[in-house]
2 protein chains.
Amino acid sequence: MGLNVYGHVITPATQRVLACLSEKELEFELVQLNMAAGEHNKEPFLSLNPFGVVPAMEDGDLTLFDSRAIVKYIEQAYKDKKPLASDDPKKMGPVYSWLEAESLQFDPAAIMLTFHLCIAPMMGLPTDEAVVEEKEAKLGKVLDVYEDRLSESKYLGGDSFTMVDLFHLPNVNYLMGTKVRALFEARPHVKAWVDDILARPSWAKVVAMIKSQS
Amino acid sequence: MGLNVYGHVITPATQRVLACLSEKELEFELVQLNMAAGEHNKEPFLSLNPFGVVPAMEDGDLTLFDSRAIVKYIEQAYKDKKPLASDDPKKMGPVYSWLEAESLQFDPAAIMLTFHLCIAPMMGLPTDEAVVEEKEAKLGKVLDVYEDRLSESKYLGGDSFTMVDLFHLPNVNYLMGTKVRALFEARPHVKAWVDDILARPSWAKVVAMIKSQS
């Protein structure tokens, strides 16, 4: 029983769930899969997520898959802990819109840059420079929109930190250690937002966990 | 004031919002953009959605973008009308997971098939057969997972119709008029689910609106 997370600390998606659990100060067990051996594409993991993508989670007898879905569930199930959303639909409207921006605009560029600039080198795989160039251009355009948004409100969803900002943490953290850092630093409101969210004590705990377990 | 939807009835994303408004029996005004003239990539639309993708919506002085975000907002703001979600986190956990499956697994294949097999021919554009073949193979794999899921529960999120099922309606409706119909019909639980959701009276109203306004 309790919360069991199945994934691997080096993957941004697993880190997304860890960031939420750390923010909410919830106890959990992390079950690390041997992804090099393809454990995410075999049983028993496929019974947790039939699409074979980490992470998955059990909360008692409930099984969930997908990092963003898991965070949304945790938010609703553990509402009393530091909230990452609001009960006010007028406040949630913009949060819903920017959640889709993260998933459909930011992430498709950022995850490929994280993979090619951070994860591939760790695994001894080659970096595809053509992909990096294409995704850097795409990310720059997304960050132009973010710069405008963050000149109006401190966080993407509004005046307080929500799951939208949290969802960005893993890729932002990886990319600030690469040449892509320049894209964030060239935009002052984006830079201030990145500095703010990376400085959260809950994220520092995740970074410590990544270092000790990867 | 009131609900204003900006989009075009032929786009699956606009239809997704119309399906929700029809299900909830809410009054609204649809403002059709001239997409051939690129109105979605120019002001004033860019002030509604800086990413230049339809649809966007105004609810009084609140502005929202992205079809799935708009539906989630409507669900929360107009909860008393036929619910498309639940307040019970144990029921919502699977809904959150299958919402991500729709957005990240089903839609990337389905929207390209809808575009190449339905929308491109309407606009006199060529169909890319190589893309069709690749996306048919991908969709078949996704529907294999759906077939397993729908053998356990009547709808994707559980025992009742939720926004997860609703989000599929536009692409499913388009694709049932193409050769891709065979992929749905080859899987008996998927076939029963498709028949069920397409037969909703709220969807019939959207189909009538599409026919009269496109």
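The values are calculated or read from the model by the stated rules, or taken from the named source; none is laboratory data. Being a predicted model, the structure only gives us computed values, none of them experimental. Cβ sites come from the backbone with ideal geometry, for glycine too, and all protein chains shown count toward neighbours. To get the accessible areas, we keep the full protein, side chains included, count just its heavy atoms, and leave off ligands, DNA and RNA. Shrake-Rupley method; radii C 1.70, N 1.55, O 1.52, S 1.80 Å.
From the list B:Glu58, B:Glu39, B:Glu75, pick out the single residue that is open to solvent by 50 Å² or more (accessible area, probe 1.4 Å), of a type in the set (Asp, Glu) and out of contact with any His (no Cβ under 8 Å at 6 or more places or on another chain).
Unique residue meeting the criteria: B:Glu39.
Applying the selection to the stretch B:132-147, what residues are closer than 14 Å to B:Ala186 by Cα and open to solvent by less than 100 Å² (accessible area, probe 1.4 Å)?
Of everything in the stretch B:132-147, those that are closer than 14 Å to B:Ala186 by Cα and open to solvent by less than 100 Å² (accessible area, probe 1.4 Å) turn out to be B:Glu136, B:Ala137, B:Leu139, B:Gly140, B:Val142, B:Leu143, B:Asp144, B:Val145, B:Tyr146, B:Glu147.
Just checking, how many residues over the stretch A:42-54 are touching an Asp or Glu at 6+ places or on another chain (Cβ under 8 Å), open to solvent by less than 20 Å² (accessible area, probe 1.4 Å) and not polar (S, T, N, Q)?
Here the count works out to 1.
Going by what's in this entry, would A:Val9 be described as open to solvent by less than 20 Å² (accessible area, probe 1.4 Å) and part of a loop (DSSP other than H, G, I, E, B)?
Against the criterion (open to solvent by less than 20 Å² (accessible area, probe 1.4 Å) and part of a loop (DSSP other than H, G, I, E, B)), A:Val9 qualifies.
Taking the stretch A:12-32 on its own, how many of its residues are over 21 Å from A:Ile111 (Cα atoms) and either touching a Leu at 6+ places or on another chain (Cβ under 9 Å) or crowded, with 20+ Cβ neighbours inside 10 Å (or both)?
Qualifying residue count for the region: 9.
Given the conditions (1) open to solvent by 20 Å² or more (accessible area, probe 1.4 Å); (2) over 30 Å from A:Lys79 (Cβ atoms); (3) not in a loop (DSSP other than H, G, I, E, B), which single one is not true for A:Thr178?
Just one mismatch for A:Thr178, condition (3).
Identify the residue in the stretch B:187-214 that is touching an Asp or Glu at 6+ places or on another chain (Cβ under 9 Å) and part of a loop (DSSP other than H, G, I, E, B) and, among all such residues, is surrounded by the most Cβ atoms within 10 Å (Cβ to Cβ).
Ranking the qualifying residues of the stretch B:187-214, first place goes to B:Arg187.
Count, please, the residues in the stretch A:92-131 that happen to be among the charged types (D, E, K, R) and open to solvent by 30 Å² or more (accessible area, probe 1.4 Å).
Residues meeting the conditions: 2.
Spot the failing condition for A:Val164; the list is (1) in a helix (DSSP H, G or I); (2) surrounded by fewer than 23 Cβ atoms within 10 Å (Cβ to Cβ), and only one is missed.
For A:Val164, the exception is condition (2).
With respect to A:Tyr174, is the statement that it is in contact with a Pro (Cβ under 8 Å, 6 or more places away or on another chain) and assigned by TED's automatic domain parsing to the domain that holds A:Leu18 true?
no
Going through the stretch A:93-128 one residue at a time, which ones are at pLDDT 95 or above and farther than 21 Å from A:Gln15 by Cβ?
Correct list: A:Gly93, A:Pro94, A:Tyr96, A:Ser97.
Could you please let me know if B:Ala69 is of a type in the set (A, V, I, L, M, F, W, C), crowded, with 17+ Cβ neighbours inside 10 Å and in contact (Cβ under 8 Å) with a residue 12 or more places away in the chain?
Criteria not met by B:Ala69.
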